[in-house]
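Scroll down for the structure; my scribbles are underneath it.
The values are calculated or read from the model by the stated rules, or taken from the named source; none is laboratory data. These numbers come from a predicted model, not from an experiment. Note: ideal-geometry Cβ built from the backbone for every residue, glycine included; neighbour counts use all protein chains shown. Accessible surface areas use protein heavy atoms only, side chains included; no ligands, DNA or RNA. Shrake-Rupley method; radii C 1.70, N 1.55, O 1.52, S 1.80 Å.
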Amino acid sequence: MEDVACSLSARDLIFWVERKAPVWAIQVIVAIISFLETMLLMYLSYKGNIWEQIFQVSFLLEMINTVPFIITIFWPSIKDIFIPVFLNCWLAKCALENMINDVHRAIQRTNSAMFNQVIILICTLLCLVFTGTCGIQHLERAGQNLSLFNSFYFCIVTFSTVGFGDVTPRIWPSQLLVVIMICVALVVLPLQFEELIYLWMERQKSGGNYSRHRAQTEKHVVLCVSTLKIDLLMDFLNEFYAHPRLQDYYVVILCPSEMDLQVRRVLQIPLWSQRVIYLQGSVLKDQDLLRAKMDDAEACFILSSRNEVDRMAADHQTILRAWAVKDFAPNCPLYVQILKPENKFHVKFADQVVCEEEFKYAMLALNCVCPATSTLVTLLVHTSRGREGQQSPEQWQRMYGCCSGNEVYHIRLCDSKFFGEYNGKSFTYASFHAHKKYGVCLIGIKRDDNKSILLNPGPHHIMAATDTCYYINITKEENSAFIFKEEERKGRPTGGIFDGPSQLPVHSIIASMGTVAMDLQNTSPPNVSGGKLVPPTVNGTGSRRPSIAPVQEIADSASILPCDLLGDQSEDDTVFTDEKGRSSTEYVKGYPPNSPYIGSSPTLCHLLAEKAPFCCLRLDQGCMHNSFEDAKAYGFKNKLIIVSAETAGNGLYNFIVPLRAYYRPRKELNPIVLLLDNPPDNHFLEAICCFPMVYYMSGSIDNLDSLLQCGIIYADNLVVVDKESTMSAEEDYMADAKTIVNVQTMFRLFPSLSIITELTHPSNMRFMQFRAKDCYSLALSKLEKKERDKGSNLAFMFRLPFAAGRVFSISMLDTLLYQSFVKDYMILIARLLLGLDTTPGSGFLCAMKITEEDLWIGTYGRLFQKLCSSSAEIPIGLYRTESHIFTTSEVSMSVDDCEDTKDRGDESRSNDQSDYPMLRKKSMQWARRLSKKSVRWQGGSRDLSKDHAQRIAQQRLNLYRRSEREELSELVRNRMRHLGLPTSGYDEQNDHQNTLSYVLINPSHDTRLEINDIV
């Protein structure tokens, strides 16, 4: 009986509560209102399916919490029945969600999915805990009568899966509630977390927002690209943050594609994670531009996708992006990269524009007449401190690495310590003496009242205090040690040779660096004949070291060179004979009458008096005007320049113009042959038919017959342009595979030919002129890795093809656009150097070879003085070619040991080692015999054995080469005979395999000149 009474008492405690009349009245009123509202909403939202609305969770909860209270009105005896009103928390959760959505809709906030999901998750957790706490506390009234806090404690411990066990439900209804709550939590919470994680991942992909507060308190630039590759990203970041004043800037990347894994890993590096923000979005959407805070950006860089098969479509996308940015943020400085020159005028409103094909073809053209122009420009537009290669044991690498740190800087004359003392002096005088005193090379100026930059305006230009000086140096003047030294002297005058107490006039000071002092009675410039620097005689005897005329402060009328653009003092103005004298062609100087695209800069060129018929432009086919069908028949006096390209695009026009510019002597014009995969259209032929000695033929570099017909054995330079159809490949860096293999074939067939190749990826230049067992290339590869580990932006610079200017990638010039953010003059100076723009009174880029007759000058400083005083030319660098000779330690190695040289190659090589040739199997036995013979001579005199070992080794090297070359030579000769071409011009033995070449930008004044140097 007691158990039954206890059971009835426990049941009463669960089903009945003590509810006072005022509380009951309030609950009834609220229930009636909620019930009526629910019925009204149900009626208004009725869509034909009543059961779908009845079985909604919110409707069921409303019925559970309202209908029992309404029933108690008519049945007062049950007014104390238990009704789970705490379930209203779930209705409150739904109401809160609707309210937040309404608020976001009212304020037009669209990026709130993440915030909403977090609110929903928090509310779900609170509702679960609240429901469990209230339910267990009520049910345990019939058990151990838990307090509200103990119930809350039990729920927290249970939902956190800790389960201490100090508080537990005692009766089965509360235990059943715990089971139900755990099941609900296991279903609801994972769904909420999954949705939250999904939104978080999507937000990570899109990159979130760049807050307005950050945009207004920090400085940032926006980089807009179609696809972001790791090479492009690292080039931009390394170059952008190389400038000290940009260290506090942030980079916001706006890209429509998802971030790939390599980019994600890089952006997680602490160096970049705090400064680079990736946003996935489109430039064409104002919403995404607002996320990037484009209107507050310091600059916007828009880069084209050069690896697209359809480059014209890529340009169209770039143009639309530029228009979208200009429309959204008209005051944001815009830096645009365009691919095709015909599209450049669409973005001429941008602050800076770089057209890839213009720069590419102009540099490739100048590489043919001014060797390694591409390397020179690439090094100038890369930020470096000249520390690359300084730990190398080889002298050329140390010199080359140090000179690579030279860049172009600017400063006003009145603010300069370098050039301030030359106010009122001639430009040539200032350039020479600034280089002599401080090692800086003054290359150009800009007048305060003129926006045009003049490169080497000549001695007739008098420096003014308001002039802006442009100079080449390792560092800018503000960071120079000369300036710090001046400040330490506290006003003490500089100890230059011109700052003495007597202040001697210019004609009675020391005339040349390191030579005897003498009074020069005649300061007129000496003759420059035949491209050689003729040494003056001293006292008519030549017994003393020749002196050089000083550079005058202000040139007189006799020393100022005439500046007649339409005249040529060294040549006939009307008739020039070519083609073995069979015909006389009349050349004139003028502007090309037909430009292939809008926006090309007019350049004064050598032109034909009458346009050539289209049929005469075809090299390999005769016509009614001539019967020549190959290059040999034309009888050209100068070596050919052959250009291999896929199509005759408008950019190819910029290859021809620099080679036909008015300042190129007519007698030195090289015939140009365009070897095209696809025939050109009439529009292109109309543009080139006015230039002399420009021909085309259909063919490809992978066809030996085409190469022979276009006259490759009579060519000095072959330019291989990267093909658009191969720029994209399924595997990264494989886009250059076909080009590299074809060039390697030509390198083996025609070793005397200078091949200039354009690659898509700079990292592939290590495969140019590849030799499988080249120990020296392995050593250079190790050096490149060391420089890359040190953080160098120019780790590839020591690769021999790049140093010699025989390989080029247009992606190397991306830094030109990036540098223009800090140096707004860099693009204009590069265009002037390459001949893309011409300014009246400005100079141009040319080359002069140092011959044996010129070695009397001695040093680069004396050469600087000689050029300034005679022809008013400003040297900016040297192109040096050195012989590579094997040392004894190398040549004494046996063939069997060649494989072991990989590990000890760095120790056994001196500073002038050559490329080790590829070994052939059929020469192995002869090589071993020669090695054994060389060992027998070691018992004699050491000097004789050393000389003999070197002689034997040279014979062995010749043996390796001969067998392979004979086969290749015979192959070429057979094809020439088959085509009916004479074989007399083919000389396979004249090659450059034992030489290396490199560029020295602005070398020191005491650098010794060597034979075959090119200035």
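Note on the stretch 289-306: residues that are open to solvent by less than 40 Å² (accessible area, probe 1.4 Å) and under 25 Å from M201 (Cβ atoms) amount to 4.
Which one of T378, T373 is open to solvent by less than 10 Å² (accessible area, probe 1.4 Å) and touching a Ser or Thr at 6+ places or on another chain (Cβ under 9 Å)? Result of the check over T378, T373: T378. Residues of the stretch 208-229 that are open to solvent by 60 Å² or more (accessible area, probe 1.4 Å), modelled with pLDDT of 75 or more and more than 17 Å from the chain's Cα centre (by Cα): R214, Q216, T217, K219.
C690 falls short on exactly one of the conditions (1) open to solvent by less than 10 Å² (accessible area, probe 1.4 Å); (2) within 28 Å of S305 (Cβ to Cβ); (3) part of a loop (DSSP other than H, G, I, E, B), and that condition is (2). Of all the residues in the stretch 282-320, those that are over 29 Å from M734 (Cα atoms), of a type outside the set (A, V, I, L, M, F, W, C) and in contact (Cβ under 8 Å) with a residue 40 or more places away in the chain number 6.
One line per residue, one yes/no per condition, for (1) open to solvent by less than 40 Å² (accessible area, probe 1.4 Å); (2) over 23 Å from A25 (Cα atoms); (3) part of a helix (DSSP H, G or I):
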{"position": "G48", "(1), (2), (3)": "no, yes, no"}
{"position": "Q53", "(1), (2), (3)": "yes, yes, yes"}
{"position": "S58", "(1), (2), (3)": "no, yes, yes"}
{"position": "V67", "(1), (2), (3)": "no, no, yes"}
{"position": "T72", "(1), (2), (3)": "yes, no, yes"}
{"position": "I83", "(1), (2), (3)": "yes, no, no"}
{"position": "C89", "(1), (2), (3)": "yes, no, yes"}
{"position": "C94", "(1), (2), (3)": "no, yes, yes"}
{"position": "N98", "(1), (2), (3)": "no, yes, yes"}
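Being more than 17 Å from L376 (Cβ to Cβ) and assigned to a strand (DSSP E or B): is that true of I411 here? Spelling it out, I411 is indeed more than 17 Å from L376 (Cβ to Cβ) and assigned to a strand (DSSP E or B). If the condition is being open to solvent by 60 Å² or more (accessible area, probe 1.4 Å) and either at pLDDT 80 or above or not in a helix (DSSP H, G or I) (or both), then the stretch 1-20 contributes M1, W16, E18, K20. Evaluating G401 against the criteria (1) open to solvent by 10 Å² or more (accessible area, probe 1.4 Å); (2) farther than 19 Å from E873 by Cβ leaves one unmet condition, (1).
Restricting attention to the stretch 380-388, does a residue exist that is touching a Gly at 6+ places or on another chain (Cβ under 6 Å) and part of a helix (DSSP H, G or I)? The answer is no; no qualifying residue exists.
With respect to F345, is the statement that it is at pLDDT below 90 and open to solvent by 60 Å² or more (accessible area, probe 1.4 Å) true? Answer is yes for this residue. Quick one: would you say S304 is farther than 30 Å from E646 by Cα and either basic (K, R) or in a loop (DSSP other than H, G, I, E, B) (or both)? Criteria not met by S304. Put simply, of K823, K849, K866 the only residue that is farther than 19 Å from S374 by Cα and surrounded by fewer than 22 Cβ atoms within 10 Å (Cβ to Cβ) is K823. The number of residues in the stretch 276-288 being touching a Gly at 6+ places or on another chain (Cβ under 8 Å) and open to solvent by less than 70 Å² (accessible area, probe 1.4 Å) comes to 6. Filtered by the rule that a residue be over 23 Å from I14 (Cα atoms) and either open to solvent by 40 Å² or more (accessible area, probe 1.4 Å) or not small (G, A, S) (or both), the stretch 157-185 gives V157, F159, S160, T161, V162, G163, F164, G165, D166. Restrict the check to the stretch 105-122 and report whether at least one residue is open to solvent by 80 Å² or more (accessible area, probe 1.4 Å), charged (D, E, K, R), more than 28 Å from F152 (Cα to Cα) and within 60 Å of the chain's Cα centre (by Cα). Yes.
The criterion of at least 2 residues that are β-branched (V, I, T), out of contact with any Leu (no Cβ under 6 Å at 6 or more places or on another chain) and surrounded by fewer than 22 Cβ atoms within 10 Å (Cβ to Cβ) is met by none of the strands (runs of 3 or more DSSP E) falling completely within the stretch 712-812. Looking only at residues of the stretch 230-259 that are charged (D, E, K, R), touching a helix residue (DSSP H, G or I) at 6+ places or on another chain (Cβ under 8 Å) and open to solvent by 10 Å² or more (accessible area, probe 1.4 Å), we find that the one that is nearest to E308 (Cα to Cα) is D231. Only one of the listed residues (R799, R788, R766, R771) is out of contact with any strand residue (DSSP E or B) (no Cβ under 8 Å at 6 or more places or on another chain), basic (K, R), without any contact (Cβ under 8 Å) to a residue 60 or more places away in the chain and under 23 Å from R880 (Cβ atoms). That residue is R766. Determine whether K205 is at pLDDT below 75 and of a type in the set (D, E, K, R). Judged against the criteria, K205 is a match.
Considering the stretch 430-457, and only residues there that are over 21 Å from I827 (Cα atoms) and open to solvent by 10 Å² or more (accessible area, probe 1.4 Å), the residue that is nearest to the chain's Cα centre (by Cα) turns out to be G439. Take the conditions (1) in contact with a helix residue (DSSP H, G or I) (Cβ under 8 Å, 6 or more places away or on another chain); (2) without any contact (Cβ under 8 Å) to a residue 40 or more places away in the chain; (3) of a type in the set (F, W, Y); Y422 misses just one of them, which is (2). For the structure I just gave you, tell me whether K667 is modelled with pLDDT under 90, surrounded by fewer than 18 Cβ atoms within 10 Å (Cβ to Cβ) and part of a helix (DSSP H, G or I). Answer is yes for this residue.
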